[in-house]
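Here is the structure we will look at.
The values are calculated or read from the model by the stated rules, or taken from the named source; none is laboratory data. These numbers were taken from a predicted model, which means no experiment stands behind them. Cβ atoms come from the backbone with ideal geometry, glycine included; neighbour counts cover every protein chain shown. Keep in mind that these areas ignore ligands, DNA and RNA; they rest on the heavy atoms of the full protein, side chains included. Shrake-Rupley method; radii C 1.70, N 1.55, O 1.52, S 1.80 Å.
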Amino acid sequence: MGAPAYCDVAVPVPLPDTFTYRIPPALAGQVAVGGRVLVPFRQRKLVGVVTALAAEPRVGGPLKDVLEALDAEPLLPAPLQELARWVADYYAAPLGEVYRAMLPLHSEFARRERARLRAGGAERLATLEARERNEAEQADCELLRRLQDGKPRNVARLVRGLASGRHRLGCLRRQGLVEVVRDVRPKQLQVKPSAPLLFEGDWSSAALPVLTVEQERAVVEIEGLVVAGQFATVLLQGVTGSGKTEVYSRAIQSCLERGRAALLLVPEIALTPAVAELFASRFGDRVAVLHSGLGPRERSVEWWRLRRGEARVAVGTRSAVFAPLENLGVVIVDEEQDASYKQAETPRYHGRDAAVVRAKLEGAVAVLGSATPALETSFHARSGRYQRLELATRVGERPLAEVRVVDMRAEFEETKRPALFSRALADGIERALADGGQVLVLLNRRGYANFLLCRKCGATVQCANCSISLTFHRGRNRLLCHYCGLARNLPQACEKCASPHIYFVGEGAEKVEEALRSAFPGARLARLDRDTAAARRRAEQILRQFVRGQLNLLVGTQMIAKGHDFQGVTLVGVVSADVMLGLPDFRAAERTFQLLTQVAGRAGRGALPGRVVVQTYYPDHYAIRFAAAQDYDGFYEQELRFRRLLHYPPLTALANLVVRDRNLSAALRASRLLQEFFQRQRPEASGLRVLGPAPAPIARLKRDYRFQFLLKSPDRRALQEALRAALAHARAKEFPAGMLLVDVDPLSLL
Ligand code: ADP
Ligand code: ZN
Ligand code: ZN
């Protein structure tokens, strides 16, 4: 038998199938399963991943040829190929798009888009030149002239300097006068043996500390599981400041000593430079760092260091779960409850859950670390599916910070004036700063004012593209949409009724910063939120200055609450605990509880004890009560009862199916077709419940009208089958690509 003559290829397009290609004799023996190939697809050339080889084609009819084999050896080890199939299957995502997310190797390809004149083009040019032309015809004429010699031209250069040149080129293409070819070409990448990426700076790198009794026990347990060489998942539940990072580090060390590799996922590297630095200082050039701040080339270099086995530890954000390590011993997910582990575009995978599956495929140990585990994770720990290890006390037996809840209704009753800061918080800040301590002030809302309201008619200023009111940002003196980025000037009067009486309502972090500056003029103050952190490295810089004591007052959104190890913080103030409680999301209470516990955990980590002041209008809400008591188990019990009652995760599998289109009636029509489809399926028979269609909570987003189906089922298989069937139905009915958004285990229902 000769070399296989056919192969199946997963191409990065929004279609569920793989496609079969012929392997031309010239490429015989060079195409490998798990390797990349360049293939023609419609008008384009695409890079796909080979999923199978065969002697006979799987389908009849003429087949196209593979153009180039890019990897004679499998690029992806077998467990990663299996992980890709799992992600595609579980999240109902196209396999080719999963591979695209898995392989951060875009810098290895040059993308080109070129145009060429077709047969009728010269004739049209002659006609146009012979007569008077309007503006569009003038542009057409110029484009055709530039292509006159019949040679292909780079599109970007071709349309340069022409008003709506791209649009006109599209028109010419549709009229069949011009041909546009897009393709990619492998680039010769010069991979120099690279130095590892180190974070410069003077963070906490001393001799190894002596482990606490609890840490020691956790390390021994994890080591035992690694040595046993069998898959297991461990929830490492440790209160804030209990030294989880040290446990990760020792577990990784012991893997390396046994010749096995290790993977550590963290929520956001820009916010945890100390963690990356610690691992770099302990493991040197055996560490590769993978995160979104890397340029495509740097990323490629780090990827190959791992693939070649030069680096045996990967530290990175969500997509590092696909790091090409072999012989993995441990897969660690720090702050496993963090929402940034869920990818917001296709494939919408959860990095933590993919990490557990990866560990399973590799016979490794998954370690999920948190002070406030996601409800799903605790649920599995209690059912025995995950093992649970606890770090119940802080390092050095430091006490957890004492939390005081301030009822803002009572505060108003007593003072008779509305205030951003209660007397308890204002006095607390004053005293903490005077005593040489540091203060964190949290308000989890960006901008200056939440929205602009007309006192006369009640209208707010809405985004032109989304059904969302715009937020005022004083720094930029603009109204901004937090969903699509639209920015516009402030209106002078109400746009509905022309009344000049328009007011800002609801404060954001910018306003809190301003109020703190005027109340505490001597403080060394900075603000940290997505607006200030937009400048690369700015977040890192602010955090460093705070750690060094160059700043003593830090105000911001949840960014200031994440795992930072600030030693000098003696007071944490929460301006409003209510911001997240009001969101239309069944996880609102869980998010509030986690955020409050996390931010409270920033206080009292050093020699001085810490205090926390939480302001709220709902002091009796259980999320606030349990957070103030730092009682995770109490919160878990109550929240689980609520989830059970309303059929929400972790007791029910959930998927969100959104139909979206620029055109309202197209979106409506498609939702109706899907609704009829679900009714015909009689989903109740399998325990599946389909709610909707209903307008999504954000009924219009980035100009799309959106209708939502929520699918709930106690049986995950039934849920996945229903999703697949619905997607197949949508294809049969020729829904345009991208009209259906599928989100399995959604973290946001907006
Ligand atoms: P967590 O992530 O659990 O909130 P960290 O890992 O940030 O806690 O650890 C808190 C602090 O305790 C850090 O400054 C860390 O360096 C320190 N630490 C951890 N383990 C020990 C130990 N065994 N002895 C002394 N200090 C420790
Ligand atoms: Zn008005
Ligand atoms: Zn918008």
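Observations on the structure shown:
- Restricted to segment 8-56, and to residues there that are of a type in the set (K, R) and in a strand (DSSP E or B), the residue that is nearest to R307 (Cα to Cα) is R36.
- Set V575, V579: member being away from ligand 1 (no atom under 12 Å from the Cβ), crowded, with 19+ Cβ neighbours inside 10 Å and more than 22 Å from the chain's Cα centre (by Cα): V575
- Residues in segment 411-442 that are part of a loop (DSSP other than H, G, I, E, B), touching a residue at least 60 places away in the same chain (Cβ under 8 Å) and closer than 23 Å to E510 by Cβ: L420, F421, S422.
- Scanning segment 323-344 for any residue that is more than 25 Å from F546 (Cβ to Cβ), at pLDDT 95 or above, touching a His at 6+ places or on another chain (Cβ under 9 Å) and outside any strand (DSSP E or B) turns up at least one such residue.
- Scanning segment 647-678 for residues that are closer than 17 Å to D715 by Cβ and part of a strand (DSSP E or B) gives A653, L654, A655.
- Residue within segment 350-362 that is assigned to a loop (DSSP other than H, G, I, E, B), of a type outside the set (V, I, T) and outside the structural domain of E73 (by TED's automatic domain parsing) present: no
- Scanning segment 506-542 for residues that are outside any loop (DSSP other than H, G, I, E, B) and closer than 21 Å to L271 by Cα returns A509, E510, E513, L525, A526, R527, L528, R538, A539, E540, Q541, I542.
- Within segment 17-31, tally of residues that are buried (at least 17 other Cβ atoms within 10 Å of the Cβ) and either in contact with a helix residue (DSSP H, G or I) (Cβ under 8 Å, 6 or more places away or on another chain) or of a type in the set (G, A, S) (or both): 1
- Any hit, segment 300-307, residues being within 16 Å of ligand 1 (Cβ to nearest atom) and in contact with a strand residue (DSSP E or B) (Cβ under 9 Å, 6 or more places away or on another chain): no
- Screening Y448 with (1) more than 21 Å from L701 (Cβ to Cβ); (2) over 26 Å from the mean Cα position of the chain (by Cα); (3) more than 16 Å from ligand 1 (Cβ to nearest atom) gives one miss only, at (2).
- Filtering segment 421-442 to residues that are open to solvent by less than 10 Å² (accessible area, probe 1.4 Å) and under 30 Å from L490 (Cα atoms) leaves V441, L442.
- Restricting attention to segment 443-460, the residues that are within 16 Å of ligand 3 (Cβ to nearest atom) and either open to solvent by 20 Å² or more (accessible area, probe 1.4 Å) or free of Cβ contacts under 8 Å to residues at least 12 places away in the same chain (or both) total 4.
- For segment 226-241, filtered to residues that are under 27 Å from the mean Cα position of the chain (by Cα) and in a loop (DSSP other than H, G, I, E, B), the residue that is farthest from ligand 1 (Cβ to nearest atom) is F231.
- Segment 462-481, subset in a strand (DSSP E or B) and hydroxyl-bearing (S, T, Y), residue least open to solvent (accessible area, probe 1.4 Å): T471
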